[in-house]
Amino acid sequence: MGEIFFRELCSSDIIAVKHMLEEIWEIDKFTAGNSKTANCIISSILYNDLITQNYSEIAVLDGNVVGVLLARIKDSKNTHMIWTLKSLYYSLCLKVFKKNKAGCMEYLRVEQSFKKLLVQNSFDSELIFFMVNDNIRGKGVGKSLLSHYLDKCRSNGVVNLCLVTDTQCNYGYYDKIGFTLECEDAFRLELSSGPTEHKTFLYSYKL
């Protein structure tokens, strides 16, 4: 394995991050295999996260992005105008998309559940987006990304931080590394493949 190095995310990385998200996240359950719907949901997720974050780091191996961490530290936000416009565009697409509209609406229910958990609580920082390529897991990439983020939090006087996740992600990982489950939200998704029980979780971590 070659050397892994870390740097701040830039606009040219976004396509690679979208591909990672497509591969890792079970998007098909919302899209029924429709590629346009998949692109709309994935783009909405990513650009919403990009305009919320003010801290980013990616892990690169052999020229390929293999890990990503986005976070908000304190209250300042990213003001990248192109990302803001794309976030608005894809959020609107989700609401007016005619093909597989039901799948889009069910995804929006998950998004609303995330927001509900966050509104009910207050933290100095939020870990917004954290993803490591399946092929590189166990090599310390995720641990390094998280360690760098926590160091940045400490240097900015962060006392407590949070993250929201759901049953589509490896949420048990956060239990193992010392995060505390604060609350959860359970509901049923009505998908093309049939009804599915779904949960979202709010985790916290004290520094």
Quick one: order T165, T180 by neighbouring beta-carbon count within 10 Å, fewest to most.
-> T180, T165
Structure-derived Rg and Dmax of the Cα atoms in Å - corresponding label in (1) 19.9, 62; (2) 16.7, 47; (3) 15.7, 48 = (2)
How large is the dipole of region 4-206 about the Cα centre if only Lys and Arg carry +1 and Asp and Glu carry -1, each at its Cβ, rounded to the nearest 20 debye?
-> 380
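Using only the Cα atoms of region 75-189, build the gyration tensor, take square roots of its eigenvalues as a ≥ b ≥ c, and label the shape rounded, prolate or oblate: rounded if a/c is under 1.5, else prolate if a/b is larger than b/c, else oblate. Before the final figure, lay out each step's value.
Working: a/c = 1.62, a/b = 1.44, b/c = 1.13.
Taking the square roots of the gyration eigenvalues as a ≥ b ≥ c, region 75-189 is prolate.
Can you sort M20, M105 from fewest to most other Cβ atoms within 10 Å of each residue's own Cβ? Each step should come with its number before you reach the end.
Details: M20 23, M105 15.
Fewest-to-most Cβ neighbours within 10 Å comes out as M105, M20.
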For region 129-207, what class follows from the C-alpha gyration tensor (a ≥ b ≥ c being the square roots of its eigenvalues): rounded when a/c is under 1.5, otherwise prolate if a/b is larger than b/c, else oblate?
-> oblate
Cα lying deepest toward the dipole's positive end in the chain, options S144, L69, I177, charges on Cβ | L69
Helix-derived mean residue ellipticity, 222 nm - over the chain, DSSP H n ≥ 4, -39500 (n - 2.57), to 500 = -13500 deg cm²/dmol
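Shape verdict for region 1-111, please, from the Cα gyration tensor: rounded (a/c under 1.5), prolate (a/b greater than b/c) or oblate.
On the way: a/c = 2.39, a/b = 1.42, b/c = 1.69.
It comes out oblate by the Cα gyration axes.
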So for S44, S113, S91, fewest C-beta neighbours within 10 Å to most, what's the order?
-> S91, S113, S44
Subtract the Cα-Cα distance of E22 and F5 from 0.36 nm times their separation in residues, and report this length gain in nm to one decimal.
-> 3.8 nm
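FYI, it's all coordinate maths here, none of it is from the lab. A quick note: this is a predicted structure, and the numbers were derived from the prediction, not measured. As a convention, Cβ positions derive from the backbone with ideal geometry for all residues, glycine included, and neighbour counts pool all protein chains shown.
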